[in-house]
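Visitor: Pasting a structure below so you can have a look.
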Amino acid sequence: MLATRLCTMRKLPSVLARTLTSGTSGSSVLPDMSEGHLPIHVNNVRSRLRDIVGASTNWRDHVQAMQERKALHTLLAKRQEDLPPRRMKDSYLEVILPLGSQPEIREKYLNVHNSVRFGRILEDLDSLGVLICYTHTKQEMQPRSPLSIVTALVDKINLCKKIIYPDCDIKFTGNVSWVGRTSMEVKMHMLQLHDGDYSPVLDATFVMVARDPENKRPAFVNPLVPETPEEEEIFKQGELNKLKRIDFSTASLLKMAPTAEERNIIHDIFLNTLDTRTVSFRSRKLPPNSVWMEDAKLKGLQICHPQERNIFNRIFGGFLMRKAFELGWATACSYGGSRPFIVSVDDIMFQRPVEVGSLLLLSGQVCYTEKNYIQVRVHSEVYDADTREHQTTNIFHFTFISENEVPRVVPKTYGESMLYLDGKRHFAAIMKEI
């Protein structure tokens, strides 16, 4: 096994090794909150969440369980000021994924390359983020929480390791790092055991929102009080992250025209693809070592069964992320012609819930490339067979790096050009982080 790993590492080009072993965005010193906390087994996270909200394990009982939650409306705070403030360490949790010490759970996480399926890690991060928020908002006198806490946004996940080994224990840690009135930012870290020590694998930042027991209206959450200069810095960063998201959304190409520099980029691409043998704007020619964007996509379909539901009887957000990642990985793999490695996940917005029984349509698109990097956008939508309408549920952005330099993706239409620029923006933001 060791020889196989060393051989794999030697095969990688130096740019790949440098990228995935550099520090992630969370390079500042993190406060130690682990004292007095016993780790939770990863299999117990979902069961704890069911206990907190009173969710049924049987699909046939889900309607009754949701009816019972309506009575919890009276426990909601009328103002945030009525809730006791919390410290960062109050929500701190550790979760153990014992891939090394309990081999029987390993197969669920194993991929064909003898490493850990990153899609499964996304599922575990999503569940842990929700449990951390319930820990932050827990009221001692309330056996069941009146809050419905759901994932609103995956702000970013940056990796600092190329491979996650399937035979070494993994530890997740995390806590609430910033709080608004009805929303919470959660920072999580994943580490893997090597030679007796845990080394960092990834840092993740999620944004969760609290809603009423029926998941219809916003609900107030406990304020957060930083105790140390390090915690104050983390809290300030959470506020800056919120402002960055607002700025990024305001400058969206769905709302604003491209900048002058971006317009020049698109025009240069257009000129480089014109067929010089004709005097026509419609006659296009693909440059060498390039691929038309329309030929760089894959699609998939999922039937959303009850098995994939969350504690509120809608489709589990982690499941959606896993399926989107797997399609994004396949898209990058087919485009680059070799195994891609995930570098970063960013800006996953959960725009609407996915109901059990939905037909989930996924579309993966290579939207930007640079050297060994492949930027993939996955669009997910649900199809209503009764109304024949499509509704967007999520947009996912994945940055991959390939073992070899990849062809340049080239847009042909104006819409594809906007996808290209959007992918370029996301890629530039990721490169700035790492």
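Derivation of every value follows stated rules applied to the coordinates shown; laboratory data play no part. Keep in mind it's a predicted model, so treat the numbers as computed, not measured. As a convention, Cβ positions derive from the backbone with ideal geometry for all residues, glycine included, and neighbour counts pool all protein chains shown.
Visitor: What's the ranking of 212-220, 380-388, 403-411 by average number of surrounding C-beta atoms within 10 Å, highest first?
Guide: On the way: 212-220: 16.7, 380-388: 13.3, 403-411: 18.9.
For the peptides 212-220, 380-388, 403-411, the packing ranking is 403-411, 212-220, 380-388.
Visitor: Between I246 and F281, with labels modelled 7 Å along Cα→Cβ, what's the label distance in nm to one decimal, could you check?
Guide: In this crude spin-label approximation the distance works out to 4.0 nm.
Visitor: A further question on this structure: Rank L191, L362, L286 by mean-square fluctuation in a GNM of the chain with C-alpha springs under 10 angstrom and give only the top-ranked residue.
Guide: Judging by the Gaussian network model, the answer is L286.
Visitor: Right, next: Treat the chain as a sphere of radius equal to its Kirkwood radius over Cα pairs and apply Stokes-Einstein at 10 °C in a medium of 1.306 mPa s; give the translational diffusion coefficient in µm²/s, rounded to a whole number. The partial results should precede the final answer.
Guide: Working: Rh = 23.2 Å.
Once the numbers are plugged in, D ends up at 69 µm²/s.
Visitor: OK, next. Per 0.36 nm of contour for each residue apart, how much would the distance between H390 and Q80 grow if the chain were fully extended, relative to their Cα-Cα spacing?
Guide: Numbers: separation 310, 0.36 × 310 = 111.60 nm, distance 3.74 nm.
Once the chain is fully extended between H390 and Q80, it gains 107.9 nm.
Visitor: I've got another one for you. Specify, per residue and in Å³, the volume enclosed by the convex hull of the alpha carbon atoms belonging to the stretch 295-399.
Guide: On the way: hull volume 10.9 nm³, N = 105.
Cα convex hull per residue, to the nearest whole number: 104 Å³.
Visitor: Note down the magnitude of the dipole of the chain about its Cα centre, charges +1 on Lys and Arg C-beta and -1 on Asp and Glu C-beta and zero elsewhere, to the nearest 20 debye.
Guide: Around 1000 debye, computed over the chain.
Visitor: If contacts are Cα pairs under 8 angstrom and at least 6 residues apart, what is the relative contact order of the chain in percent?
Guide: Details: 822 pairs, mean separation 70.5, N = 434.
Computed value for the chain: 16 percent relative contact order.
Visitor: Filter K371/K432; K108/K323; K162/K424; K161/K371; K162/K297; K244/K323 down to the pairs with a C-alpha to C-alpha distance above 18 Å, please.
Guide: On the way: K371/K432 16 Å; K108/K323 15 Å; K162/K424 23 Å; K161/K371 20 Å; K162/K297 24 Å; K244/K323 27 Å.
From K371/K432; K108/K323; K162/K424; K161/K371; K162/K297; K244/K323, over 18 Å: K162/K424; K161/K371; K162/K297; K244/K323.
Visitor: Between S290 and D268, what length comes free when the chain is fully extended (0.36 nm per residue of separation minus the Cα-Cα distance, one decimal in nm)? Don't jump to the answer; show the numbers that get you there.
Guide: Details: separation 22, 0.36 × 22 = 7.92 nm, distance 1.48 nm.
My answer for the length gained is 6.4 nm.
Visitor: Positive end of the charge dipole of the chain (Lys, Arg +1 and Asp, Glu -1 on Cβ, about the Cα centre): tell me which of V356, H41, T151 has its Cα farthest that way.
Guide: It is V356.
Visitor: Still on this structure: Taking a temperature of 37 °C and a viscosity of 0.692 mPa s, what whole-number D in µm²/s does Stokes-Einstein yield for the stretch 170-257 with Rh from Kirkwood over alpha carbon pairs?
Guide: Working: Rh = 15.3 Å.
Calculated translational D: 214 µm²/s.
Visitor: To continue, here is another question. Give me, ordered by chain and number, the residues 5 or more places off R117 or on other chains with an amide H under 5 Å from its own placed amide H.
Guide: L110, N111
Visitor: Output the peptides 84-91, 309-316 sorted from most to least packed, where packing is the average of other Cβ atoms within 10 Å over each peptide's residues.
Guide: Working: 84-91: 17.9, 309-316: 20.9.
So the order, starting with the most tightly packed, is 309-316, 84-91.
Visitor: Here's another thing I want to ask about it. With axes computed from alpha carbons, what is the tilt in degrees of helix 229-250 against the longest principal axis of the chain, rounded to the nearest 10 within 0 to 90?
Guide: On a 0 to 90 degree scale, this one is about 50.
Visitor: Between H41 and E233, what is 0.36 nm times their sequence separation minus the Cα-Cα distance? Round to one decimal in nm.
Guide: Working: separation 192, 0.36 × 192 = 69.12 nm, distance 3.06 nm.
Going from the current span to full extension adds 66.1 nm.
Visitor: Between S338, S280, S145, where does the largest GNM mean-square fluctuation fall for the chain, given springs only between Cα atoms within less than 10 Å?
Guide: S280
Visitor: Any idea what % of Cα-Cα pairs in the stretch 170-221 are farther than 19 Å? Could you put the intermediate results ahead of the total?
Guide: Working: 588 of 1326 pairs.
Tail fraction, whole percent: 44.
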